[in-house]
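Novice: Just dropping this structure here.
The values are calculated or read from the model by the stated rules, or taken from the named source; none is laboratory data. Predicted model, so just to flag it, every value in this text is computed and none were measured. With ideal geometry, Cβ positions are generated from the backbone for all residues, glycine too; neighbour counts draw on all protein chains shown. Protein only, heavy atoms only, side chains kept; ligands, DNA and RNA dropped before computing areas. Shrake-Rupley method; radii C 1.70, N 1.55, O 1.52, S 1.80 Å.
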Amino acid sequence: MSQPLTLARPYARAAFALARDAGRAAEWSHALALAARVSADPRVHGLLGHPQLSDADAVMLLAPEGADDAFGRFIALLADNRRLPLLPEIAGMYEDLRADADRVVKAHVTAASALPATELESIRAALKRRFGREVEIETSVDESLIGGAVIDAGDVVIDGSLKGKLARLHSTLTQ
């Protein structure tokens, strides 16, 4: 496991616990996503490790308008511990914790061409039956798949693409 993920995990868990206990998981989700985008901006990223950046300046820079005081204190804690560059990893882990708590599986469907809504709904229903949870689907197009789709849902990857089938056939024939 990489160092940033190891360092980010306890902060993500703490953020989720704070937000969940306050009943503000969705608000924190949006605030963390915004803070992560801002911190990842190349113009801002260089400032985050600067020794003269005060905790108050970090909160002013990264906490969105209307964020609760606990979120501001969380950003200040990250600044104090010089962990602001970890915000993208923290936000990603937070979302995973929130999806797990909400019993939601996030699936990414990559297809050779845009899929019609009826087909996406069919995929969603099949995944819901398989996992016994609600399913959120994100889509993208990769023309190199030639046809079909690849579904990535957590630990499960289903490769139904023509490119994948050809690769498996090639592997079988060359053994």
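Novice: Which of (1) closer than 28 Å to L18 by Cα; (2) over 16 Å from the mean Cα position of the chain (by Cα); (3) at pLDDT 95 or above is the odd one out, the single condition T110 does not satisfy?
Specialist: Looking at each condition in turn, T110 falls short on (1).
Novice: Exactly one condition in (1) in contact with an Asp or Glu (Cβ under 9 Å, 6 or more places away or on another chain); (2) open to solvent by 80 Å² or more (accessible area, probe 1.4 Å); (3) among the hydroxyl-bearing types (S, T, Y) is false for T172; which is it?
Specialist: (1)
Novice: Name every residue in region 74-102 that is open to solvent by less than 30 Å² (accessible area, probe 1.4 Å) and in contact with an Asp or Glu (Cβ under 7 Å, 6 or more places away or on another chain), in order of residue number.
Specialist: A76, A79
Novice: From the residues in region 19-56 that are in a helix (DSSP H, G or I) and of a type in the set (K, R), which one is farthest from R83 (Cα to Cα)?
Specialist: Here is the first cut: in region 19-56, the ones in a helix (DSSP H, G or I) are 19-22, 25-40, 42-48, 55-56.
Now drop any that are not of a type in the set (K, R), which leaves 20, 37, 43.
On the way: R20: 22, R37: 15, R43: 17 Å.
Step by step, filter region 19-56, then rank; the result is R20.
Novice: From the list V105, V44, V59, which residue is β-branched (V, I, T), under 27 Å from E138 (Cβ atoms) and either open to solvent by 30 Å² or more (accessible area, probe 1.4 Å) or in contact (Cβ under 8 Å) with a residue 40 or more places away in the chain (or both)? If you could, list the steps in order and put the result at the bottom.
Specialist: Details: V44 fails: either open to solvent by 30 Å² or more (accessible area, probe 1.4 Å) or in contact (Cβ under 8 Å) with a residue 40 or more places away in the chain (or both); V59 fails: under 27 Å from E138 (Cβ atoms).
Only one candidate qualifies: V105.
Results for (1) over 16 Å from D96 (Cα atoms); (2) modelled with pLDDT under 90, shown as yes or no for each residue.
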| residue | (1), (2) |
| --- | --- |
| P10 | no, no |
| W28 | no, no |
| L47 | yes, yes |
| M60 | yes, no |
| A70 | yes, no |
| L77 | yes, no |
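Novice: In region 145-157, how many residues are free of Cβ contacts under 8 Å to residues at least 40 places away in the same chain, open to solvent by 50 Å² or more (accessible area, probe 1.4 Å) and in contact with a helix residue (DSSP H, G or I) (Cβ under 9 Å, 6 or more places away or on another chain)?
Specialist: In the first step, residues of region 145-157 are kept if they are free of Cβ contacts under 8 Å to residues at least 40 places away in the same chain; the result is 145-148, 155-157.
Filter once more, keeping what is open to solvent by 50 Å² or more (accessible area, probe 1.4 Å): 146, 155, 157.
Next, from what is left, pick out any that are in contact with a helix residue (DSSP H, G or I) (Cβ under 9 Å, 6 or more places away or on another chain): 146.
The qualifying residues number 1.
Novice: Shifting gears a bit: State yes or no: is R20 within 23 Å of R103 (Cα to Cα) and open to solvent by 60 Å² or more (accessible area, probe 1.4 Å)? Steps first, answer last, please.
Specialist: Working: within 23 Å of R103 (Cα to Cα): yes; open to solvent by 60 Å² or more (accessible area, probe 1.4 Å): yes.
Answer is yes for this residue.
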